[in-house]
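Data block below; observations after.
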Amino acid sequence: MKLGLQIVLGLFSLIPLAFAVMGLWQGAASADPAAVVSVAVDNQFRYLSGIYVLVSLLIWSAIPNVERHFRLLAAVCAALVLGGLGRLYSHLMIGPAEAKQFAGMFIELGSPLLLIWQQAVARASGRAGVPQR
(Lines give C-alpha, C1' and ligand atoms only; values in the text may rest on other atoms or scores of the structure.)
Protein backbone atom coordinates (compact mmCIF):
# COMPACT_ATOMS: atom_id res chain seq x y z
CA MET A 1 0.00 0.00 0.00
CA LYS A 2 2.82 2.42 0.87
CA LEU A 3 4.80 1.61 -2.28
CA GLY A 4 1.71 2.15 -4.41
CA LEU A 5 1.14 5.58 -2.88
CA GLN A 6 4.79 6.47 -3.35
CA ILE A 7 4.63 5.50 -7.03
CA VAL A 8 1.40 7.42 -7.59
CA LEU A 9 2.81 10.51 -5.85
CA GLY A 10 5.99 10.24 -7.92
CA LEU A 11 4.02 10.06 -11.15
CA PHE A 12 1.57 12.73 -9.95
CA SER A 13 4.48 15.09 -9.18
CA LEU A 14 5.60 14.94 -12.80
CA ILE A 15 2.43 16.73 -13.94
CA PRO A 16 3.16 20.08 -12.25
CA LEU A 17 6.84 19.71 -13.13
CA ALA A 18 6.05 19.27 -16.83
CA PHE A 19 3.74 22.29 -16.81
CA ALA A 20 6.36 24.27 -14.90
CA VAL A 21 9.07 23.56 -17.44
CA MET A 22 6.77 24.37 -20.36
CA GLY A 23 5.49 27.53 -18.67
CA LEU A 24 8.90 28.81 -17.69
CA TRP A 25 10.34 28.08 -21.12
CA GLN A 26 7.45 29.13 -23.39
CA GLY A 27 5.45 31.48 -21.17
CA ALA A 28 1.75 31.89 -21.83
CA ALA A 29 2.28 30.50 -25.34
CA SER A 30 2.56 27.05 -23.75
CA ALA A 31 -1.15 27.28 -22.84
CA ASP A 32 -2.34 28.73 -26.15
CA PRO A 33 0.24 29.38 -28.88
CA ALA A 34 -2.31 31.22 -31.04
CA ALA A 35 -3.31 33.70 -28.33
CA VAL A 36 -1.91 37.19 -28.17
CA VAL A 37 -1.14 37.99 -24.53
CA SER A 38 0.23 41.05 -22.83
CA VAL A 39 3.68 41.15 -21.30
CA ALA A 40 2.06 41.31 -17.86
CA VAL A 41 0.04 38.13 -18.47
CA ASP A 42 3.10 36.29 -19.79
CA ASN A 43 5.13 37.49 -16.81
CA GLN A 44 2.48 36.29 -14.34
CA PHE A 45 2.16 32.97 -16.17
CA ARG A 46 5.91 32.33 -15.90
CA TYR A 47 5.87 33.27 -12.21
CA LEU A 48 3.04 30.84 -11.48
CA SER A 49 4.86 28.18 -13.50
CA GLY A 50 7.78 28.58 -11.11
CA ILE A 51 5.48 27.80 -8.21
CA TYR A 52 4.63 24.49 -9.88
CA VAL A 53 8.28 23.50 -9.43
CA LEU A 54 7.85 23.95 -5.69
CA VAL A 55 4.75 21.74 -5.71
CA SER A 56 6.77 18.93 -7.27
CA LEU A 57 9.63 19.40 -4.81
CA LEU A 58 7.24 19.32 -1.85
CA ILE A 59 5.67 16.10 -3.09
CA TRP A 60 9.11 14.57 -3.64
CA SER A 61 10.13 15.46 -0.09
CA ALA A 62 7.13 13.53 1.25
CA ILE A 63 7.60 10.37 -0.81
CA PRO A 64 10.32 8.54 1.16
CA ASN A 65 8.40 8.62 4.46
CA VAL A 66 4.94 9.32 3.11
CA GLU A 67 3.27 7.93 6.24
CA ARG A 68 4.72 10.85 8.22
CA HIS A 69 3.75 13.72 5.95
CA PHE A 70 0.01 14.27 6.20
CA ARG A 71 0.32 18.00 6.95
CA LEU A 72 2.65 18.63 4.04
CA LEU A 73 0.47 16.68 1.62
CA ALA A 74 -2.64 18.38 3.00
CA ALA A 75 -1.09 21.80 2.33
CA VAL A 76 -0.18 20.78 -1.22
CA CYS A 77 -3.68 19.39 -1.80
CA ALA A 78 -5.23 22.56 -0.37
CA ALA A 79 -3.27 24.66 -2.86
CA LEU A 80 -4.28 22.34 -5.69
CA VAL A 81 -7.95 22.41 -4.69
CA LEU A 82 -7.92 26.21 -4.53
CA GLY A 83 -6.43 26.29 -8.02
CA GLY A 84 -8.99 23.75 -9.19
CA LEU A 85 -11.80 25.88 -7.76
CA GLY A 86 -10.39 28.83 -9.71
CA ARG A 87 -10.49 26.75 -12.88
CA LEU A 88 -14.06 25.67 -12.10
CA TYR A 89 -15.11 29.28 -11.57
CA SER A 90 -13.53 30.21 -14.91
CA HIS A 91 -15.26 27.29 -16.57
CA LEU A 92 -18.65 28.34 -15.22
CA MET A 93 -18.26 32.09 -15.79
CA ILE A 94 -16.24 32.31 -19.01
CA GLY A 95 -16.53 28.89 -20.63
CA PRO A 96 -14.64 25.67 -21.06
CA ALA A 97 -10.87 25.77 -21.34
CA GLU A 98 -8.69 23.41 -23.32
CA ALA A 99 -9.00 19.69 -22.63
CA LYS A 100 -5.70 19.51 -20.71
CA GLN A 101 -6.81 22.35 -18.44
CA PHE A 102 -10.19 20.72 -17.89
CA ALA A 103 -8.40 17.48 -16.99
CA GLY A 104 -6.15 19.44 -14.65
CA MET A 105 -9.21 20.78 -12.86
CA PHE A 106 -10.45 17.27 -12.13
CA ILE A 107 -7.02 16.17 -10.94
CA GLU A 108 -6.72 19.22 -8.67
CA LEU A 109 -10.20 18.86 -7.22
CA GLY A 110 -9.65 15.12 -6.73
CA SER A 111 -6.24 15.45 -5.06
CA PRO A 112 -7.67 15.13 -1.51
CA LEU A 113 -8.29 11.46 -2.31
CA LEU A 114 -4.53 11.06 -1.92
CA LEU A 115 -4.90 12.18 1.70
CA ILE A 116 -7.32 9.34 2.38
CA TRP A 117 -4.75 6.92 0.96
CA GLN A 118 -1.97 8.56 2.96
CA GLN A 119 -3.96 8.13 6.18
CA ALA A 120 -4.52 4.44 5.39
CA VAL A 121 -0.76 4.04 4.89
CA ALA A 122 -0.10 5.92 8.14
CA ARG A 123 -2.54 3.70 10.07
CA ALA A 124 -0.97 0.56 8.60
CA SER A 125 2.46 1.73 9.73
CA GLY A 126 1.25 2.81 13.17
CA ARG A 127 1.94 6.48 12.37
CA ALA A 128 -1.65 7.78 12.28
CA GLY A 129 -2.04 10.73 14.59
CA VAL A 130 1.73 11.01 15.19
CA PRO A 131 2.80 14.65 14.81
CA GLN A 132 4.97 15.48 11.83
CA ARG A 133 8.53 16.45 12.69
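The values are calculated or read from the model by the stated rules, or taken from the named source; none is laboratory data. It should be emphasised that the depicted structure is a prediction, and the values quoted were computed from it without experimental measurement. With ideal geometry, Cβ positions are generated from the backbone for all residues, glycine too; neighbour counts draw on all protein chains shown. Quick note on the areas: whole protein, heavy atoms, side chains included, nothing else; ligands and nucleic acids left out. Shrake-Rupley method; radii C 1.70, N 1.55, O 1.52, S 1.80 Å.
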Checklist outcome for this item: Of the residues in the range 102-111, those that are surrounded by 15 or more Cβ atoms within 10 Å (Cβ to Cβ) and part of a helix (DSSP H, G or I) come to GLY104, MET105, GLU108, LEU109
Checklist entry - Can you tell me how many residues in the range 39-76 are in contact with a Ser or Thr (Cβ under 9 Å, 6 or more places away or on another chain), open to solvent by 40 Å² or more (accessible area, probe 1.4 Å) and within 15 Å of SER111 (Cα to Cα)? => result 1
Item to check | Out of ALA79, ALA97, sole residue that is surrounded by 15 or more Cβ atoms within 10 Å (Cβ to Cβ), in contact with a helix residue (DSSP H, G or I) (Cβ under 8 Å, 6 or more places away or on another chain) and not in a helix (DSSP H, G or I) | outcome: ALA97
Checklist entry - Conditions: (1) closer than 28 Å to ILE7 by Cα; (2) at pLDDT 95 or above. HIS91 meets all but one. Number of the miss? => result (1)
Checklist entry - Can you name every residue in the range 7-29 that is surrounded by 18 or more Cβ atoms within 10 Å (Cβ to Cβ) and more than 24 Å from ASN65 (Cα to Cα)? => result PHE19, ALA20, GLY23, GLY27, ALA28
